[in-house]
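So the structure is just underneath, and the comments pick up after that.
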Amino acid sequence: MNRLLRLALSLAVLGAPAAVASAQGAGPLAALMARAANPNGPFAKRVAPSDSVVARARAQLGTRYRYAAASPERGFDCSGLVKYVLNAVGVDLPHNAARIAREGEPVKADTSSLRPGDLLMFGRGHSNKISHVGIYVGEGKMIHASVSKRRVIETTIPKPGSSLKLRTVRRVLRDSTTTLRGSE
């Protein structure tokens, strides 16, 4: 191994890519060593967006319900909670359940198809109007800002026959195979 290559490798191990670039000149190894780590590279350690969403939503458990609010300090309504939590992973959503229901991609409303971070859209009675939204967290559970409990809670997804009727499920988180509206 030539002396310059050994120097470049030893400096890289010590975490001095800029020193490598100046020691190596403008060669290809210097260019590679001077580049910052690729956060999306094959060996990058990263937390899945869905894990971040679930953790952020759980951090809000117990926060009071407040109509039209969207912060831990003021409180949350259902869409305010979803907007706040998803914003933490770079997904900008409207502060309105019916408008959120048009974001992302539809997902089959079946627990075998759901992923943590999917948005559960609800209506009341026989109406198809969307009036409530929650975040699926896995194992048949969701987190939402409950009007009746007056706080953010984690609960099982309402069963058929309940006053809240699951109308649609939307996936707004991007994974390795999808690019979704609302997550750009």
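Share of antiparallel DSSP beta bridges in the range 48-184, in percent to the nearest 5?
Antiparallel bridges make up about 95 percent of those DSSP assigns within the range 48-184.
Calculate, in nm to one decimal, what Ala88 and Ala48 gain on full extension: separation in residues at 0.36 nm each, minus their alpha carbon distance. Don't skip to the end; give the middle numbers.
Working: separation 40, 0.36 × 40 = 14.40 nm, distance 1.25 nm.
Going from the current span to full extension adds 13.2 nm.
Could you state the principal axis extents of the C-alpha atoms in the range 61-112, from the largest down, to the nearest angstrom?
34, 22, 21
Can you list the lysines whose alpha carbon sits under 26 Å from that of Lys108, skipping same-chain ones fewer than 8 residues off?
Once the sequence-local lysines are set aside, what remains near Lys108 is Lys83, Lys129, Lys141, Lys159, Lys165.
Expressed in nm to one decimal, what extension gain is obtained for the pair Glu154 and Ser71 from 0.36 nm per residue of sequence separation less their Cα-Cα distance?
Working: separation 83, 0.36 × 83 = 29.88 nm, distance 1.77 nm.
Taking Glu154 through Ser71 to full extension adds about 28.1 nm, to one decimal.
Could you check the spin-label model distance between Arg102 and Ser162? Points 7 Å from the Cα along Cα→Cβ, value in nm.
2.7
Read-outs throughout are calculated quantities, based only on the coordinates presented, and are distinct from any laboratory measurement. Being a predicted model, the structure only gives us computed values, none of them experimental. Positions of Cβ are backbone-derived with ideal geometry, glycine not excepted, and every protein chain shown enters the neighbour counts.
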